[in-house]
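All remarks here apply to the structure that follows.
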Amino acid sequence: MHDPSRPTPWTCVRREANKVVLYEELAREVDALLADEPDAVANAANAAAAIYHALPALNWAGFYFLRGEALIVGPFQGLPACVRIPLGQGVCGTAAAERRSILVPDVSAFPGHIACDVASRSELVVPLLRGDGVIGVLDLDSPELARFDEADLIGCENLARIIAARL
Ligand code: SME
């Protein structure tokens, strides 16, 4: 029998469709916001603000930029964050070192997770790529467990491509 506390398959499909549309609209908004501005700090700041206010259930959204062997915090929205993350450490440092997106449904289960805000329960980190190299990461935190799914990952990878081209 259908459990009314769980979404029907139809609801799941609708939610996915809405999320895809949300990311398409956000990608257009970010592209337009950054299109005419050559300053990297201004563009990262506006991208962080647009993402933070467009996506539900986030407590942190922003950037870390690679400087030598460490990631340094860049423009963000949310509580003050750890300033330096050595390459290869935490979710951000691992994503940058391995040049791949990392979706963490439960941060307490990720070995080496760096807790900047104890409210964070799940996290999505996407590398910012330039050519064959990594210039930084886009980091999203949520106070909800398992907040991010495949649609968020694809949507954020597309945002990261648009943003990296304007930094
Ligand atoms: N949790 C991250 C650190 C950055 S804060 O979430 C803003 C990590 O483990 O790399």
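The values are calculated or read from the model by the stated rules, or taken from the named source; none is laboratory data. Keep in mind that this is a model prediction, so the values were computed, not measured. Counting neighbours? That spans all protein chains shown, and the Cβs are built from the backbone with ideal geometry, glycine included. Remember, those area values only see protein heavy atoms, side chains included, never the ligands or the DNA or RNA. Shrake-Rupley method; radii C 1.70, N 1.55, O 1.52, S 1.80 Å.
Does GLY62 fit the bill of being crowded, with 22+ Cβ neighbours inside 10 Å and assigned to a strand (DSSP E or B)? Here the answer is yes, as GLY62 does meet what is asked.
Let me confirm something: among VAL83, VAL91, VAL118, which residue is within 9 Å of the ligand (Cβ to nearest atom) and not polar (S, T, N, Q)? It would help to see each step written out before you state the result.
Details: VAL83 fails: within 9 Å of the ligand (Cβ to nearest atom); VAL118 fails: within 9 Å of the ligand (Cβ to nearest atom).
Sole residue among the options that is within 9 Å of the ligand (Cβ to nearest atom) and not polar (S, T, N, Q): VAL91.
Of the candidates GLY155, GLY136, the single residue that is more than 16 Å from the ligand (Cβ to nearest atom) and either in contact with an Asp or Glu (Cβ under 8 Å, 6 or more places away or on another chain) or modelled with pLDDT of 95 or more (or both) is GLY155. Within the range 64-101, being out of contact with any Ser or Thr (no Cβ under 9 Å at 6 or more places or on another chain) and either among the aromatic types (Phe, Trp, Tyr) or within 14 Å of ALA160 (Cβ to Cβ) (or both) holds for TYR64, PHE65, LEU66, GLY74, PHE76, CYS92, ALA96, ARG99, SER101.
Of the numbered criteria (1) open to solvent by less than 20 Å² (accessible area, probe 1.4 Å); (2) touching a helix residue (DSSP H, G or I) at 6+ places or on another chain (Cβ under 6 Å), the one LEU87 fails is (1). The residues on offer are LEU58, LEU66, LEU33, LEU26, and the sole one that is in contact with a helix residue (DSSP H, G or I) (Cβ under 9 Å, 6 or more places away or on another chain), over 21 Å from VAL125 (Cα atoms) and modelled with pLDDT of 95 or more is LEU33. I'd like to check something: does the range 76-96 contain any residue that is β-branched (Val, Ile, Thr), assigned to a helix (DSSP H, G or I) and at pLDDT below 95? So far as the range 76-96 goes, no, none of its residues is β-branched (Val, Ile, Thr), assigned to a helix (DSSP H, G or I) and at pLDDT below 95.
Scan the range 5-21 and give yes if some residue there is of a type in the set (Asp, Glu) and modelled with pLDDT under 95, otherwise no. Before the answer, list the steps.
Within the range 5-21, the subset of a type in the set (Asp, Glu) is 16.
When the remaining residues are screened for being modelled with pLDDT under 95, the result is 16.
Checked the range 5-21: at least one residue is of a type in the set (Asp, Glu) and modelled with pLDDT under 95.
Across the range 123-148, the number of residues qualifying as surrounded by 16 or more Cβ atoms within 10 Å (Cβ to Cβ) and over 18 Å from HIS53 (Cα atoms) comes to 8.
Select from the range 98-111 the residues that are farther than 9 Å from VAL125 by Cα and open to solvent by 40 Å² or more (accessible area, probe 1.4 Å) and list them in ascending order. Step through it out loud before you land on a result.
From the range 98-111, those farther than 9 Å from VAL125 by Cα are 98-99, 105-111; that's our starting set.
Across the range 98-111, the qualifying residues are GLU98, ARG99, PRO105, ASP106, SER108, ALA109, PHE110, PRO111.
One line per residue, one yes/no per condition, for (1) away from the ligand (no atom under 13 Å from the Cβ); (2) within 17 Å of CYS116 (Cα to Cα); (3) surrounded by fewer than 20 Cβ atoms within 10 Å (Cβ to Cβ); (4) not small (Gly, Ala, Ser):
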| residue | (1), (2), (3), (4) |
| --- | --- |
| ASN46 | yes, no, yes, yes |
| ALA54 | yes, no, yes, no |
| LEU58 | no, yes, no, yes |
| GLY68 | yes, no, yes, no |
| VAL73 | no, yes, yes, yes |
| ALA96 | no, no, no, no |
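All of ILE72, ILE154, ILE102, ILE114 fail the test of being touching a residue at least 60 places away in the same chain (Cβ under 8 Å) and aliphatic (A, V, I, L, M), apart from ILE154.
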